[in-house]
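Each value in this text was obtained by applying a stated rule to the coordinates, not by laboratory testing. In this text the structure is predicted, and so the values were computed from the model without any measurement. Positions of Cβ are generated from backbone atoms using ideal geometry, with glycine treated the same way; all protein chains shown enter the neighbour counts.
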Ligand SMILES: [Mg+2]
């Protein structure tokens, strides 16, 4: 091992530190067919002679961290475990094709759990044209662990990376933000009077549907300069675009799209809807940048895709950091999103 950290534990490092440690311990010489390795939503692979590039992503969901039996039914878990991977393919502008499913599970788990899990998985796989082509099953002593690896493809000239943002670009986002975090709040606070009419918030947490068609259309049109999916909260995910592009960003608080339901619930339970929208995470919407000259083209292109509104929420700037403009002025946003390995 090259990198050592005597007496340190992984929670001193944080997720970004752990990724750095892993990168520091692998050969930095990538073979020529790896067009993009660690550091984007998918790895991008291309051999000479291939028409299309291969996109590869993998995501793990662990019981007690990403879900409990209170927050996700087995069926919703099957859907969501696949959806979070589809979201990464969408963020590159690609088309998902083939999935590999690895499950670690306690032996005393009821068979119906796995049947329901597969029903949820299959529903989304059929909707999106994904074939399950392999995987692994292992015994887990304590909690369920689901890892999905998803392969997709894209023409090389249509792949959208995190690193392409340019100063002056508009910042765009699909869908309303914060619904999934509000849904999780409802699921975790069932002792409160059960509020009716908030099913869409719970559904946003349990069964996200990544805007694949928008991601693909943006890639094909060449309009998006940089793109990422919103998994950890927009403040943190926008940070990744800025880091990779060597820019900062200025968000307009009044432009962040939020659903009426989110705002109504936030008022009822005295939470900040904007906090949920900026930091909640798990929206699995797309955040992208495009030339300000292409505003009309973006609106025209995305309006043809039903059910996916887009909103212009800010600008890519030269100055470092992620900034939020509110009626009170400009404040620097902490990353604030979900951070793995932090106690
Ligand atoms: Mg991602």
Reduced to Cα centres, the span from region 228-302 to region 162-222 in Å works out to 9
Relative contact order in percent for the chain (Cα pairs under 8 Å, 6+ apart) equals 22
Most packed first (mean Cβ within 10 Å per residue), the peptides 166-172, 136-142, 149-155 order as 149-155, 166-172, 136-142
One would report the antiparallel percent of DSSP beta bridges in region 10-157, rounded to the nearest 5, as 75
Here the gain from full extension of residue 188 to residue 319, 0.36 nm per residue of separation minus their alpha-carbon distance, amounts to 43.3 nm
By Cβ neighbour count within 10 Å, fewest first, 57, 128, 174 rank 128, 57, 174
The residues 288, 67, 13, sorted from fewest to most surrounding Cβ atoms within 10 Å, come out as 13, 67, 288
Fewest to most Cβ atoms within 10 Å: 296, 282 sort as 296, 282
Percent antiparallel among DSSP beta bridges confined to the chain, rounded to 5, stands at 80
Computed over region 161-332, the convex hull of the Cα set has an average projected area, in nm², of 9.7
Placing each pseudo-label 7 Å from Cα in the direction of the beta carbon, residue 133 and residue 253 end up separated by a distance in nanometres of 4.8
Plugging the Cβ-Cβ distance of residue 100 and residue 327 into 1/(1 + (r/R0)^6) at R0 = 45 Å yields, to the nearest 0.05, a FRET efficiency of 0.40
Mean-square fluctuation maximum in Gaussian network of the chain, Cα pairs under 10 Å, restricted to 213, 51, 40, hits 51
At R0 = 22 Å the Cβ-Cβ FRET efficiency linking residue 300 and residue 167, nearest 0.05, sits at 0.35
For the chain, the Cα convex hull volume per residue in Å³ comes to 165
By the Cα gyration tensor axes a ≥ b ≥ c (a/c under 1.5 gives rounded; else a/b larger than b/c gives prolate, otherwise oblate), the shape of region 10-157 is oblate
Taking 0.36 nm per residue of separation between residue 143 and residue 108 and subtracting their Cα-Cα distance, the length gained on full extension comes to 11.5 nm
